[in-house]
Amino acid sequence: MQPIAFCSRCRGMEVGWNKRYALHCLICRELVYKSFKSFVLVVASWLFIVAFPISTNIGFAKQTQPEQSAAPVQAGVANRTTTMPSAVKALESMLADYDVDRALRGRVAKAIVASSVKYDVDPRLIASILLVESRANPFAISGSEAIGLMQIHVPTWGAVAEEQGINLFKVEDNIDLGVQILKGYVSRFGLWDGVAHYSGVMPDGNDGSAEYVRKVQHIYKLAPSVKTAPLAASAALR
């Protein structure tokens, strides 16, 4: 299968010798401009340091605090959302039961556990929805413009994905945004009504959402038990 790349500016495209991908590589700001800008910034900084050296004592005093305070809060959360071997193994077994590609199972399982800890959502539920949505195909694209493992609906969530710098074809990014969306629905409507809303339709029983929920519930009930540590304690299991 021809690899597919996703760019928030150029959107999905086939990788290889084709006009769209070639233009993406030559002129896309995300691929070229940002890298060039970073390179120019590094060179300018180096020239400035060479031309205007700073005394050692002052330099260390000024650099230490910004480096500590500038670290994103999200990085700390990512460090704590460490996947647990037993949980990952259980999910890999679950994915194997549904013939998910062996090469993907470990990566998908780890991403599910990390996002489940991060957003406090049952990893079995995430895996069940993922299997119903895409059968764990990271390159799945629906006729309604939903993309990836968790079938993120681009017309609805594309702006959020772009704002958060998310690549919808990347396993970890797609699952993380999907669980973030699911968490919002479950918090607002309750567990199974929240799942129904994740399917993109209202849970009135006449629009397909009831059948969607039944499919998720069927997989969920057959899934093995998956235990994850609370967010605050997960770092200790690293």
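The combined condition, being farther than 22 Å from HIS218 by Cβ and under 15 Å from the mean Cα position of the chain (by Cα), is not fulfilled by VAL108. Filtering the range 123-167 to residues that are of a type in the set (S, T, N, Q) and outside any loop (DSSP other than H, G, I, E, B) leaves SER128, SER134, THR156. The requirement of being in contact (Cβ under 8 Å) with a residue 60 or more places away in the chain, in contact with a strand residue (DSSP E or B) (Cβ under 9 Å, 6 or more places away or on another chain) and among the hydrophobic types (A, V, I, L, M, F, W, C) is satisfied by ILE147. Of the residues making up the range 160-204, those that are under 23 Å from ARG124 (Cβ atoms) and small (Gly, Ala, Ser) are GLY178, GLY184, SER187, GLY190, GLY194, ALA196, SER199, GLY200. The residues in the range 84-121 that are closer than 20 Å to TYR185 by Cα and surrounded by fewer than 16 Cβ atoms within 10 Å (Cβ to Cβ) can be counted, and the count is 1. Here is the figure for the range 162-183: residues that are over 17 Å from LEU130 (Cβ atoms) and of a type outside the set (S, T, N, Q) total 3.
Across the range 194-203, a minimum of one residue is classified as out of contact with any Phe, Trp or Tyr (no Cβ under 7 Å at 6 or more places or on another chain) and either among the basic types (Lys, Arg) or at pLDDT 95 or above (or both).
The values are calculated or read from the model by the stated rules, or taken from the named source; none is laboratory data. On a predicted model such as this, the values are computed, not experimentally measured, just so you know. Positions of Cβ are backbone-derived with ideal geometry, glycine not excepted, and every protein chain shown enters the neighbour counts.
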